[in-house]
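The structure appears below as structure tokens.
The values are calculated or read from the model by the stated rules, or taken from the named source; none is laboratory data. It should be emphasised that the depicted structure is a prediction, and the values quoted were computed from it without experimental measurement. Neighbour counts run over all protein chains shown; Cβ positions are idealised from the backbone, glycine included. Surface areas here come from the heavy atoms of the whole protein model, side chains and all, with no ligands, DNA or RNA. Shrake-Rupley method; radii C 1.70, N 1.55, O 1.52, S 1.80 Å.
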Amino acid sequence: PSKLPDGSGKSIKMEAPLAKAIRSADGFMKGTYIWFFISILFIWGGWSWIRRNSSSIVLDCGNNSDTNGCTLTLQAPYSFLPRNSSTGIPVKTRSRSKRRTKIKLERDQIVRADNIKWNPVSQTIVENYGLNSPTYASQQIETEDNEAEGGPNRPNKPWNEHKKKHKAKSYKKKGASYNRNGGPDANGNYDSYILVLRDPLPSSFESDGGIDESDPEESPSMKMQRRMAAQHRSMTDDPNSLATLLAPFAITDGSASSTEYIIHPRDFNVGQTRRLARTAVSKIVAYTKGRRASCILREARPVAWQGLVLLILGIFSVVLCLLLGQFWVEYDPTKQGSYRKRMAEIRRREEAKKLRQRKSVGRKGVVRRPGGAQPSLRRPEGARGTTAKKAG
């Protein structure tokens with residue numbers, strides 16, 4: 001079929017209003033809209049980058065309605081490799097709510113917290129110090145060496161004794177000493193800590209107070225272990241159980257029993273925090289022993305600098321675009337509308353211009369020169385004779 005118009009309605013093609021507006025716009029307005037959309041793209045990219053890389057592990061104890069309970073919140077990043085994954089392929093989840101897991105815990109479900117040496121490459125525990133810390137060990141060795149040598153900076157004269165009290169204690173780095181900022185050691189390992197959690201007590205054991213008359217020869221501890229093992233086997237198929245919820249984050253270690261779970265809170269910010277691991281361990285130990293009424297531990301990944309830069313540049317660019325750009329033009333009948341209307345408006349404007357020029361020529365008066373003498377007004381000679389005859 002021919003593409004030439006044949007006069008029928010199907011052969012008439014109307015241009016879209018948006019396409020017509022873009023075609024008729026000038027270059028400055030087109031550049032303003034392109035600038036604006038690029039700025040919005042920068043803001044969206046920066047915000048998405050920050051949201052996708054955000055991850056944290058928070059333990060909040062004693063600050064909710066249940067005074068004896070804790071809330072463990074685990075939020076994974078956009079691309080996360082679970083520890084129970086059999087394929088080894090990271091899981092990508094867009095929704096932030098699906099990446100967040102909240103678990104309710106009792107005080108007795110927190111067994112302990114240990115100081116460890118963590119290898120971020122292999123994601124394994126290199127050394128477990130328990131309640132002790134490499135900080136205490138290094139300081140104890142250094143103190144013993146100083147006492148054996150008689151002190152590092154002992155004054156030689158009695159009059160210098162008062163100056164010794166004002167001197168700050170200096171920590172000298174000797175070999176592979178402890179890094180106070182939590183940085184890696186010579187082997188690339190970091191000082192960190194772990195949480196050891198366990199399954200809740202079985203309901204039957206809680207009801208009878210730990211006494212079961214069915215087998216009097218079995219000790220209460222053996223009964224509890226047997227019941228907790230049976231409860232753990234029944235919880236493996238429950239999607240809302242503690243074992244299922246902690247499976248992507250729990251560390252598989254031979255030192256822990258089947259009813260215990262090892263969580264590394266610094267999975268997402270190891271080496272990026274200046275807080276000491278021993279401080280967090282002391283808080284958890286004090287809470288489990290009842291010496292603290294509340295405890296909050298928050299380990300979050302820092303904000304990605306790439307997303308922050310994109311976000312700031314996008315906001316700054318939008319502000320400049322709103323101040324300097326041009327988003328619309330005034331209505332001009334000579335450029336918009338049908339051809340007949342535009343030509344009629346052009347003719348009307350030309351006729352109005354000619355009419356104004358004619359009126360301006362008719363209204364021209366005598367041009368007075370500033371500072372010059374004006375000519376005197378004299379009557380014509382004929383007018384003088386006529387006036388004399390009338391007077392005679």
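Here the condition is being more than 35 Å from the chain's Cα centre (by Cα) and either open to solvent by 60 Å² or more (accessible area, probe 1.4 Å) or of a type in the set (A, V, I, L, M) (or both); of Lys335, Lys283, it holds for Lys335 alone. For residues that are outside any helix (DSSP H, G or I) and crowded, with 16+ Cβ neighbours inside 10 Å, tally how many sit in segment 45-68. Going through segment 45-68 one residue at a time, the tally reaches 9.
Whenever a residue of segment 96-112 is of a type in the set (Ser, Thr, Tyr), its partners that are outside any helix (DSSP H, G or I), lying with C-beta atoms within less than 7 angstrom and at least six residues away or across chains, give the pairs Thr101/Leu74.
The condition of being open to solvent by 50 Å² or more (accessible area, probe 1.4 Å), within 22 Å of the chain's Cα centre (by Cα) and closer than 30 Å to Trp47 by Cβ holds for only one of Gln272, Gln326, that being Gln272. Among the residues of segment 120-138, write down those that are modelled with pLDDT under 85, open to solvent by 80 Å² or more (accessible area, probe 1.4 Å) and either among the aliphatic types (A, V, I, L, M) or assigned to a loop (DSSP other than H, G, I, E, B) (or both). Residues satisfying the conditions are Leu131, Asn132. Among the residues of segment 100-119, the ones that are out of contact with any Gly (no Cβ under 8 Å at 6 or more places or on another chain), in a strand (DSSP E or B) and open to solvent by less than 60 Å² (accessible area, probe 1.4 Å) come to 8 in all.
Listed by position, the helices (runs of 4 or more DSSP H) inside segment 161-275 whose residues that are at pLDDT 70 or above number at least 2 are 220-235, 242-246.
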